[in-house]
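Below is one structure, written out as structure tokens; the observations come after it.
The values are calculated or read from the model by the stated rules, or taken from the named source; none is laboratory data. Keep in mind it's a predicted model, so treat the numbers as computed, not measured. Every residue, glycine as well, gets a Cβ built from its backbone with ideal geometry; the counts of neighbours run over all protein chains shown. Accessible surface areas use protein heavy atoms only, side chains included; no ligands, DNA or RNA. Shrake-Rupley method; radii C 1.70, N 1.55, O 1.52, S 1.80 Å.
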Amino acid sequence: MLPCSVSALWTRVGAVSGAAAVGAAAYGAHGLSPEDESLVEVYKTGNSFHLLHSAVLTLAPALPTASKRPALSHASMLLFAGGTAVFSGSCYMSALTEDRKNGRLAPIGGSALILAWLSLAL
């Protein structure tokens, strides 16, 4: 585990992110109605990544490996948080504005998420 204060910070970040993901899912289910229906799938993809990685942010600081290498674990959490914000945010913006150009940052967020997952293997 990470030091208590850092672990608690990431748990809180994950919890708030998870709550935001549930709120975004509710909006997507009940309020989103773009003219281009394929944007609904873009929104759903962003939301599923948002919810999944919020759970990781909440739980990963408690992994036994987090206490062995706290700096690496902290970097992992930064990659998860940043990657989720950029990937999901880009998907959300693309769907909400109905402009696919707003999704151009998704690959950067996705790359950060890949690095975050790989960092857990170190």
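Some values worked out for this structure:
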{"read-out": "Accessible-area value, residue 49, 1.4 Å probe, nucleic acids and ligands omitted, Å²", "value": "80"}
{"read-out": "Label point distance in nm, residue 8-residue 36, each placed 7 Å from Cα along Cα→Cβ", "value": "4.6"}
{"read-out": "Dipole of the stretch 1-86 [Lys/Arg +1, Asp/Glu -1 at C-beta], most positive-end residue of 22, 52, 39", "value": "52"}
{"read-out": "Most mobile listed residue (46, 14, 110) in the chain, GNM with C-alpha springs under 10 Å", "value": "110"}
{"read-out": "Helix runs (DSSP H) in the chain reaching 30 Å along axis by Cα, Kyte-Doolittle at least 0.0", "value": "4-30, 38-59, 70-97"}
{"read-out": "Cα convex hull of the chain, projected area averaged across orientations, nm²", "value": "6.8"}
{"read-out": "Net charge, residue 34 excluded, C-beta distance under 15 Å - Lys, Arg +1, Asp, Glu -1", "value": "-3"}
{"read-out": "Distance in nm between pseudo-label sites at residue 62 and residue 20 (7 Å out along the Cβ direction from Cα)", "value": "2.2"}
{"read-out": "Mean residue ellipticity (222 nm) of the chain, computed from DSSP H runs ≥ 4 via -39,500 (n - 2.57), nearest 500", "value": "-27000 deg cm²/dmol"}
{"read-out": "Residues in the stretch 70-106 reached by a label modelled at residue 27 [backbone nitrogen below 15 Å; 7 Å Cα→Cβ]", "value": "85-86, 88-99"}
{"read-out": "Candidates 53, 74, 30, ranked by Gaussian network fluctuation over the chain, Cα under 10 Å, top entry", "value": "30"}
